[in-house]
Amino acid sequence: MGGLSKPPKPPALGAPRQSRGAPRRPASFNGYRRGDFTPEDTARAHLERIERLDARVAAYLTVTADHARRAARASAERYRSGRPLGPLDGVPVALKDVLCTAGVTSTCGSRILERFVPPYDATVVARLHAAGAVMLGKANMDEFAMGSSTEHSAFKPTRNPWDLARVPGGSSGGSAAAVGGRLATVALGTDTGGSIRQPAAFCGVVGVKPTYGRVSRYGLIAFASSLDQVGPLSRDVTDAAATLSVIAGTDPLDATSVDTAVGDYVAALGDDVTGLTIGVPGEYFAAGIDPEVERAVRDAIAVLEGLGVKAERVSLPATEYGIAVYYIIAPAEASSNLARYDGVKYGLRVPGKDLIEMSSQTRAAGFGAEVKRRVMLGTYSLSAGYHDAYYGRAQKVRTLVKRDFDSVFGRVDLIVAPTTPNVAFRHGEKADPLAMYLNDVFTVPASLAGLPALSVPCGFTRAGLPIGLQLIGRAFDESTLFRLAYAYEQATDWHTRRPELP
Ligand code: GLN
């Protein structure tokens, strides 16, 4: 075994730039197989980097260093004996703290679950372990995944590795900052209304929200059950494809996971994109969008056209209702899902003179302001007399949002748009909840329609902040998303830039 005993930088899993048609394998898989470095080297390098930098970035709530060393040792042994488990064997991963991890605290960013140690792994976590991935720790997040900045974490705000004065996005901000800051190779996040794509865009990484039903949610702490999906964040498209291939697929433990074939997403990456048609929705370039974001996205569309893709203007007229609909439906479902935190079953308990007082004091002490706002909004919109006017109406408009997409996907293969109207904002800049909600304007429509969507880096502002290009696909057609994103990535070099952390 030659090569480095200690890599100077944690190596990326991503595929080396290869010519079309060549077999593609994630690089660290090759590196491990060649013996250039071992999973133990990679785990050590990452743990050292976390030790050195995470006090400032705050991507992690829990670092599972002992677990990582053990898993890396076992993985190294598999490579030595020539029997690695696949492309994720030995790859260091961060897991959003909304995912249950057996024996490892899973707080969901909340005081109410501060000491909650699940007795089992979420299915996606079990699948990563079975594929040989090395868990580095649990990533910070907005409390119960409610937010767009990770400032709503009950424990600490995460910082954007490109500019520590700015937010990493949210709610999977810890996952995005970990990958962007090279404190993990791959991370899992969850996306209810944008929580994978928006932080991916803000941190200059790839993020994928799979089709609703594509990935099991067993062991995912529920926020809004008609919207929640788990997906990968990674440095490049290849890693995201490899990770989704591992976590996707039906699960007997989650009745909402759909039994439909999971593609070999990595194998499909090199396929030609000539002849694909993309739809460019006018509503996503409306007034208010940052001109630097618009410029970068329009340039990206020109790059795609240069690859033989046909671009067509389309209209998704219900887009303007997306935020209003989402901020009725998501809080309504949350108010119901969060009823289980009553001080009885698990999590925090603040004693009281009777059950009602105990429960209400527990919730008063355990939930932060944003979670309380959502529970109140949701309870209101579901209450007798208001249900039809709010929740019922929102469900109808949700159907209109979905129909917009259905009609456009008759003509185009994919929709291309900005992921967010602006780049990463400063900590404290969006103290007004409505201003924060409006940040999700371009991500909630695909969530409401249940469609797969991906954010891929497409440039930087003059101030050096990353910009994300969003691709939205047909239901269960993640392959085409990956294929186009990969072709774009190969034609550009945004994904090769990395932030210089002090
Ligand atoms: N920012 C949105 C919200 O606050 C989306 C969150 C998410 O996708 N988990 O609800």
query = Considering only segment 454-463, how many residues are assigned to a loop (DSSP other than H, G, I, E, B) and open to solvent by less than 30 Å² (accessible area, probe 1.4 Å)?
reply = 1
note = Going through (1) within 16 Å of the ligand (Cβ to nearest atom); (2) free of Cβ contacts under 8 Å to residues at least 60 places away in the same chain; (3) touching a Phe, Trp or Tyr at 6+ places or on another chain (Cβ under 8 Å) one by one, TYR380 fails only at (1)
key: Residue count, segment 111-134 (criterion: open to solvent by 10 Å² or more (accessible area, probe 1.4 Å) and of a type in the set (Val, Ile, Thr))   = 2
query = What is the residue count in segment 342-372 for residues that are open to solvent by less than 10 Å² (accessible area, probe 1.4 Å) and either more than 27 Å from the chain's Cα centre (by Cα) or aromatic (Phe, Trp, Tyr) (or both)?
reply = 2
query = For residues in segment 220-233 being open to solvent by less than 10 Å² (accessible area, probe 1.4 Å), within 17 Å of ASP142 (Cα to Cα) and assigned to a strand (DSSP E or B), which is farthest from the ligand (Cβ to nearest atom)?
reply = LEU233
remark   = Of GLU305, GLU294, the only residue that is closer than 17 Å to ILE415 by Cβ, touching a Pro at 6+ places or on another chain (Cβ under 8 Å), open to solvent by 20 Å² or more (accessible area, probe 1.4 Å) and modelled with pLDDT of 95 or more is GLU294
task = Among what's in segment 135-172 and is among the small types (Gly, Ala, Ser), closer than 30 Å to ALA76 by Cα and within 16 Å of the ligand (Cβ to nearest atom), pick the residue that is surrounded by the fewest Cβ atoms within 10 Å (Cβ to Cβ).
result = ALA139
message = Can you confirm whether ALA324 is closer than 18 Å to SER195 by Cα, open to solvent by 40 Å² or more (accessible area, probe 1.4 Å) and within 16 Å of the ligand (Cβ to nearest atom)?
response = yes
query = Counting only residues that are among the aliphatic types (A, V, I, L, M) and within 8 Å of the ligand (Cβ to nearest atom), how many does segment 173-197 have?
reply = 1
request  = Please work out which one of (1) away from the ligand (no atom under 16 Å from the Cβ); (2) of a type outside the set (Asp, Glu); (3) under 25 Å from THR190 (Cα atoms) is the condition GLY279 fails and give its number.
outcome  = (3)
message = Quick check on segment 381-427: of everything there that is acidic (Asp, Glu) and buried (at least 19 other Cβ atoms within 10 Å of the Cβ), which residue is farthest from the chain's Cα centre (by Cα)?
response = ASP404
inquiry  = Please verify whether VAL215 is within 17 Å of ASP236 (Cα to Cα) and more than 13 Å from the ligand (Cβ to nearest atom), treating the condition exactly as stated.
reply    = no
query = Within segment 248-257, is even one residue at pLDDT 95 or above, out of contact with any His (no Cβ under 6 Å at 6 or more places or on another chain) and in a helix (DSSP H, G or I)?
reply = no
query = When only residues in segment 428-445 that are away from the ligand (no atom under 11 Å from the Cβ) and outside any loop (DSSP other than H, G, I, E, B) count, which is nearest to the chain's Cα centre (by Cα)?
reply = PRO445
ask   = Any residue in segment 125-134 that is within 16 Å of the ligand (Cβ to nearest atom) and on the phi > 0 side of the Ramachandran plot?
value = no
task = Taking ALA446 as the residue in question, decide whether it is within 17 Å of ASP228 (Cβ to Cβ), open to solvent by less than 10 Å² (accessible area, probe 1.4 Å) and not basic (Lys, Arg).
result = yes
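The values are calculated or read from the model by the stated rules, or taken from the named source; none is laboratory data. Given the structure is predicted, the values throughout are model-derived calculations rather than measurements. Quick reminder, even Gly has a Cβ in these numbers, built from the backbone with ideal geometry, and neighbours come from all protein chains shown. The protein model used for the area step is the full one, side chains on, heavy atoms only, and it has no ligands, DNA or RNA in it. Shrake-Rupley method; radii C 1.70, N 1.55, O 1.52, S 1.80 Å.
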